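I have placed the structure first, in the form of structure tokens, so that the comments after it can refer back to it.
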Amino acid sequence: MKYQSQKVAYWFFALSMLLLALQLIYGFIMGFAHMGYDVLHDFIPFNTARAVHTNLLVVWLLSGFMGAAYYIIPEEAQHELVSVKLAYIQLITLALVGVVAIVGFHFNYWEGRKFLEIPRPLDYLVVVNVLTFLGIIIATLYKGKQRTTTSLVLTMGLLFAALLYLPGMIWFDNQTMDSFFRWWVVHLWVEGVWELIMGGILAFLLIKITGVDREVIEKWLYVIVGLTFISGILGTGHHYYYIGAGKVWLIVGGVFSALEPLAFLAMALFTVSMYRKGEKKHPNKMALNWTLGTAIVSFVGAGLLGLAHTLPSVNMYTHGTLVTAMHGHLAFWGAYAMIVFAIIVYAMPNMTGRKFYDSNRGQLAFWLSNIGMVGMTVAFGVAGVAQVYMERIMGLEFGVVQDEIKVHFLILVLCATMFTVGIALFMYEFIKYGRPTDEALEIEQ
Amino acid sequence: MLSKSQARTFFLGGTVVSFGVFLWLTWTTIAKEVPKNTHSENLTEEVIRGKVLWEENNCMGCHTIMGEGAYYAPELTKVVERRGEGYIKAALMTTEPWSPRGRKMVAYGFSNAEADDLVVFFEWVGKVDLNGFPAKTEYETKKASNK
Ligand code: HEM
Ligand code: HEM
Ligand SMILES: [Fe+2]
């Protein structure tokens, strides 16, 4: 760590870990409900569990991205954050808004719009919070000694993510219009601007870990984010096939969304080749694992499993089935959860001064969580394909089919248990590092 | 070899062009396609009240509509066609716990008027032109050819 203010990142990472733990509990509630054990129904009905599960996911990822930015921007700009106090206020208000939203979901206080369940009044608080965050980041960049491509791409991703939250706040009478603009948030986030955030963090990690020349890494970063936007913006059309938005999207969405995996493929090839090329071998092995891991798993989960159901002829049958949940899990895990883990594992030794670069526990956390998640993906996938054949092709009733595929949720819960053990080990390591300290400052000559 | 500034031009140029085309397509969609495909002239007050109830209770947290939502309970786009009004209203108005095949639905106990609004909302949704979604199943196709 080179700047004192980078320590703020620690608390954002800690908040992330806490919310992730809660997210998993609600995941289990839903897994059991699908198996026929909806025992908490009277207190936590399925729709509550689901809203909590997905919103916690989004909030812990955002908290992780913010922590990443607070760590990366001072180092890239060579300037302390302009206000550490404001950053702490922003952290606490983020946590408060998150908690109020989650509690509200248990009392029917929500907007039933998938992924955007946070009610309108709280949306405004989210906006203020994110503006504060962006203010700190942009002011630091402005005052800093240099503005690197890495820091600009990261900041651009965060800024666009904030702007794209707004179309999700407009009220429409028409369900089709509502859905149309809901995708401006959900799709343009995960298949657009969040990839800039991921790319920015990835570039920073590669520069630090492999020691490859910044100019080379940043050149490819531009190519990757270029591919992302060229395919991903018009690729939004893959959500417009069957919601009443017209026929043109069958072609536009089909063609451009089929190109989206290219950006993830480029990210994977880029990461692996920079790793090969790098002469400096950084001692932080675990950070390298998670960095290579995120590049590869995101290509499989988002790129390949996304491609699997993105053509209109396939999506006609898989749209709104468990096949979607299969892809959703591995994509979010590979691209966004793992990049947050990577920056945490890289930053912790630097912030705390404890150099636990490679431990058995850390290795086990990596492998158990990844194998567990792949197992969950397979379970969702088998259930989803069976559902598609029985319900959408043969025409059996929904309930009959769900009874047939119950067993796959047993497998899901077993794999989720393995996954959770991996996450628990990761959190144990996180706690073992202890608090960040100024003694960890590396003063440059 | 590609230089960094060429790479930047590729990114900026690609983004501007893609976003421009996207905005143009968005415009034609909301100006022409959506009113036509959704029969927006039929968006009565009842339909809108039904949509508000649909949102306030997060029905999408268990069901899908137009294929969007959760996977715990049935797809409802064509529910009026499939089940009829009586069945739907009974499910919405009951105050007794109801759990077909062990799947528990919240017993909302809606009033008759609220249940009517939701049914009208479903009727409106059922008539939207969804490019053929949900696809006809083998069972329906056979039934049709036996007639
Ligand atoms: C990291 C990037 C990605 C993440 C986190 C992600 C996540 C998700 C999630 C959560 C959904 C469910 C959304 C909903 O129904 O509300 C979804 C749907 C979908 N995704 Fe992705 N995705 C990613 C990338 C991709 C890519 C690159 C493709 C295509 C090549 C793709 C294709 C699709 C399709 C076609 C659907 C619609 C499924 C349906 O009709 O039910 N995704 N994605
Ligand atoms: C203990 C582990 C987990 C279990 C048992 C679990 C289980 C589930 C279940 C049963 C659903 C609901 C599907 C439905 O609507 O019927 C769901 C939704 C979802 N979960 Fe998880 N989950 C777990 C962990 C995660 C993690 C780690 C992530 C992200 C990295 C995640 C992301 C999602 C997303 C994005 C959805 C919405 C998917 C969609 O609508 O297509 N889950 N989860
Ligand atoms: Fe998408």
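If you filter the stretch B:124-147 down to residues that are polar (S, T, N, Q) and under 23 Å from the mean Cα position of the chain (by Cα), you find that the one that is farthest from A:LEU396 (Cα to Cα) is B:ASN131. Scanning the stretch A:237-265 for residues that are touching a Gly at 6+ places or on another chain (Cβ under 7 Å), crowded, with 22+ Cβ neighbours inside 10 Å and within 7 Å of another protein chain (Cβ to nearest Cβ) yields A:TYR241, A:TYR242.
With the structure loaded, tell me whether A:ALA302 is within 16 Å of ligand 2 (Cβ to nearest atom), under 20 Å from A:ALA383 (Cα atoms) and away from chain B (no Cβ under 14 Å) or whether it fails that test. The answer is yes for A:ALA302. Residues in the stretch A:246-263 that are under 19 Å from B:PHE133 (Cα atoms) and within 14 Å of ligand 3 (Cβ to nearest atom): A:TRP249, A:VAL252, A:GLY253, A:GLY254.
Yes/no per residue for (1) surrounded by fewer than 24 Cβ atoms within 10 Å (Cβ to Cβ); (2) within 16 Å of ligand 3 (Cβ to nearest atom):
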{"residue": "A:THR318", "(1), (2)": "yes, yes"}
{"residue": "A:THR324", "(1), (2)": "yes, yes"}
{"residue": "A:GLY334", "(1), (2)": "no, yes"}
{"residue": "A:PHE341", "(1), (2)": "no, no"}
{"residue": "A:PRO349", "(1), (2)": "yes, no"}
{"residue": "A:ARG354", "(1), (2)": "yes, no"}
{"residue": "A:SER359", "(1), (2)": "yes, no"}
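Going through (1) more than 14 Å from every other protein chain (Cβ to nearest Cβ); (2) assigned to a loop (DSSP other than H, G, I, E, B) one by one, A:TRP333 falls short only on (2). Looking across the stretch A:223-236 at every residue that is surrounded by fewer than 24 Cβ atoms within 10 Å (Cβ to Cβ) and either aliphatic (A, V, I, L, M) or not in a helix (DSSP H, G or I) (or both), the one that is farthest from ligand 1 (Cβ to nearest atom) is identified as A:VAL223. Among the residues of the stretch A:162-179, the one identified as surrounded by 23 or more Cβ atoms within 10 Å (Cβ to Cβ) and either within 18 Å of A:ALA337 (Cβ to Cβ) or not hydroxyl-bearing (Ser, Thr, Tyr) (or both) is A:GLN175. Note on the stretch A:72-169: enclosed helices (runs of 4 or more DSSP H) holding 2 or more residues that are farther than 27 Å from A:LEU24 by Cβ and touching a Gly at 6+ places or on another chain (Cβ under 8 Å) are A:149-165. Scan the stretch B:56-64 and tell me whether some residue there is over 26 Å from A:ARG392 (Cβ atoms) and in contact with a helix residue (DSSP H, G or I) (Cβ under 9 Å, 6 or more places away or on another chain). Checked against the condition, which is being over 26 Å from A:ARG392 (Cβ atoms) and in contact with a helix residue (DSSP H, G or I) (Cβ under 9 Å, 6 or more places away or on another chain), the stretch B:56-64 yields at least one hit. Considering only residues in the stretch A:96-129 that are of a type in the set (Val, Ile, Thr) and under 23 Å from A:ALA21 (Cα atoms), the one that is surrounded by the most Cβ atoms within 10 Å (Cβ to Cβ) turns out to be A:ILE118. Could you list, in sequence order, the residues of the stretch A:377-398 that are within 14 Å of ligand 2 (Cβ to nearest atom) and among the small types (Gly, Ala, Ser)? A:ALA379, A:GLY381, A:ALA383, A:GLY384 - these are the residues of the stretch A:377-398 that are within 14 Å of ligand 2 (Cβ to nearest atom) and among the small types (Gly, Ala, Ser).
Read-outs: derived from the displayed coordinates by stated rules, not from any lab. Note that the structure is predicted; figures quoted are calculated from it, not measured. Positions of Cβ are backbone-derived with ideal geometry, glycine not excepted, and every protein chain shown enters the neighbour counts.
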